[in-house]
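Have a look at the structure below before the remarks.
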Amino acid sequence: MNVILAKAERYFGPMQALAPIDLDIGDGEFVSIVGPSGCGKSTLLRLVAGLLPVSSGQVVVDSKLVSGPVTQLGFVFQQPILLDWRTALGNVLFQVEMRGERPAPWRDRAKALLDQVGLGDFAASYPHALSGGMRQRVAIARALVHEPGLLLMDEPFGALDALTREQMRIDLEALWMRRRMTVLFVTHSVDEAVLLGDRVVVMSPRPGRIDRILDIDIPRPRGLAARRNPRFLEAEESITALFLERGVLSRA
Ligand SMILES: Nc1ncnc2c1ncn2[C@@H]1O[C@H](COP(=O)(O)OP(=O)(O)OP(=O)(O)O)[C@@H](O)[C@H]1O
Ligand SMILES: [Mg+2]
């Protein structure tokens with residue numbers, strides 16, 4: 001599914017949260033969005049999902065103008081919001097039940113997805129018996145079960161420890177390489193943005209606008225080795241330099 005933002009802008013009252021954004025994302029592309037806190041990244045995702053209307057401009061998803069919630073997408077929030085009284089499998093199936101479908105025909109698919117995110121043995125476990133990383137994996141499986149062509153991820157690994165986060169990144173890349181859905185991945189981590197993205201969109205401080213777009217031409221799977229690739233270092237350095245220039249980062 002393609003995503004086009006054409007001068008998409010959002011105000012909250014008098015406050016401009018997102019300056020007009022122009023962005024054209026191709027079908028199957030993996031785009032990372034990185035920028036300082038409060039620059040409008042979550043707002044941008046909500047505009048794409050149709051959960052929030054634009055103040056002006058347009059958003060197009062799957063070649064259709066967005067004018068209300070887009071149902072053919074998956075959304076992974078920063079904190080995995082799971083239903084405590086449902087098993088991992090039950091939480092994944094909730095996605096299809098919410099859409100008014102009978103869960104039975106989806107069970108095998110939901111199980112296969114839990115397998116793919118490394119939770120094959122935990123389908124019958126309740127959230128309280130899962131670690132934070134495992135819960136986030138359930139949320140990712142839930143976002144994918146209805147086979148969305150578009151996956152929106154809002155700092156999905158923000159609450160995880162460094163090691164789990166690294167593994168989740170590697171697993172997400174593998175999943176994406178198999179399924180090739182379009183992904184918009186919001187993160188605060190320059191490292192993560194560069195390691196995952198075909199392109200990295202760097203946003204300016206509030207009101208957020210696109211400061212730069214970098215093409216990340218590093219072969220996949222990138223795994224752990226890509227951090228030693230000169231193109232990785234080059235991209236990371238140029239984003240860091242931009243953040244220093246903008247006062248998002250300062251030298252000690
Ligand atoms: N519903 C809302 N009502 C009023 N202001 C809002 C609302 N949602 C967001 N904002 C404001 O819009 C700006 C952008 O918010 P947004 O959540 O998109 O930032 P963000 O880049 O996702 O930040 P973070 O990285 O901290 O998650 C902020 O100044 C925020 O206070
Ligand atoms: Mg946010």
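The values are calculated or read from the model by the stated rules, or taken from the named source; none is laboratory data. Keep in mind the model is a prediction, meaning the values are calculated, not measured. Neighbour counts are summed over all protein chains in view; Cβ atoms, including those assigned to glycine, are modelled from backbone coordinates with ideal geometry.
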* Asked: Quick one: is R206 surrounded by fewer than 16 Cβ atoms within 10 Å (Cβ to Cβ) and either closer than 30 Å to I4 by Cβ or within 16 Å of ligand 2 (Cβ to nearest atom) (or both)?
  -> no
Taking the stretch 181-209 and the residues there that are among the charged types (D, E, K, R) and out of contact with any helix residue (DSSP H, G or I) (no Cβ under 8 Å at 6 or more places or on another chain), the one that is nearest to ligand 1 (Cβ to nearest atom) would be R206
Conditions (1) more than 13 Å from ligand 1 (Cβ to nearest atom); (2) in a strand (DSSP E or B) -> G90 fails only (2)
| request: Scan the stretch 113-126 and give yes if some residue there is closer than 29 Å to V61 by Cβ, touching an Asp or Glu at 6+ places or on another chain (Cβ under 7 Å), surrounded by 12 or more Cβ atoms within 10 Å (Cβ to Cβ) and of a type in the set (V, I, T), otherwise no. | output: yes
I'd like to check something: does the stretch 210-222 contain any residue that is touching a helix residue (DSSP H, G or I) at 6+ places or on another chain (Cβ under 8 Å) and either assigned to a helix (DSSP H, G or I) or modelled with pLDDT under 95 (or both)? no
When E173 is run through (1) away from ligand 1 (no atom under 16 Å from the Cβ); (2) buried (at least 23 other Cβ atoms within 10 Å of the Cβ); (3) under 13 Å from the mean Cα position of the chain (by Cα), the failure sits at (2)
Worksheet entry | Qualifying residue in the stretch 102-112 (condition: more than 16 Å from ligand 2 (Cβ to nearest atom), at pLDDT below 90 and either more than 15 Å from L144 (Cβ to Cβ) or more than 23 Å from the chain's Cα centre (by Cα) (or both)) | no
Within the stretch 37-59, the count of residues that are surrounded by fewer than 18 Cβ atoms within 10 Å (Cβ to Cβ), in contact (Cβ under 8 Å) with a residue 24 or more places away in the chain and over 27 Å from Q136 (Cα atoms) comes to 4
The residue that is surrounded by the most Cβ atoms within 10 Å (Cβ to Cβ), considering only those in the stretch 2-36 that are out of contact with any His (no Cβ under 9 Å at 6 or more places or on another chain) and assigned to a loop (DSSP other than H, G, I, E, B), is E29
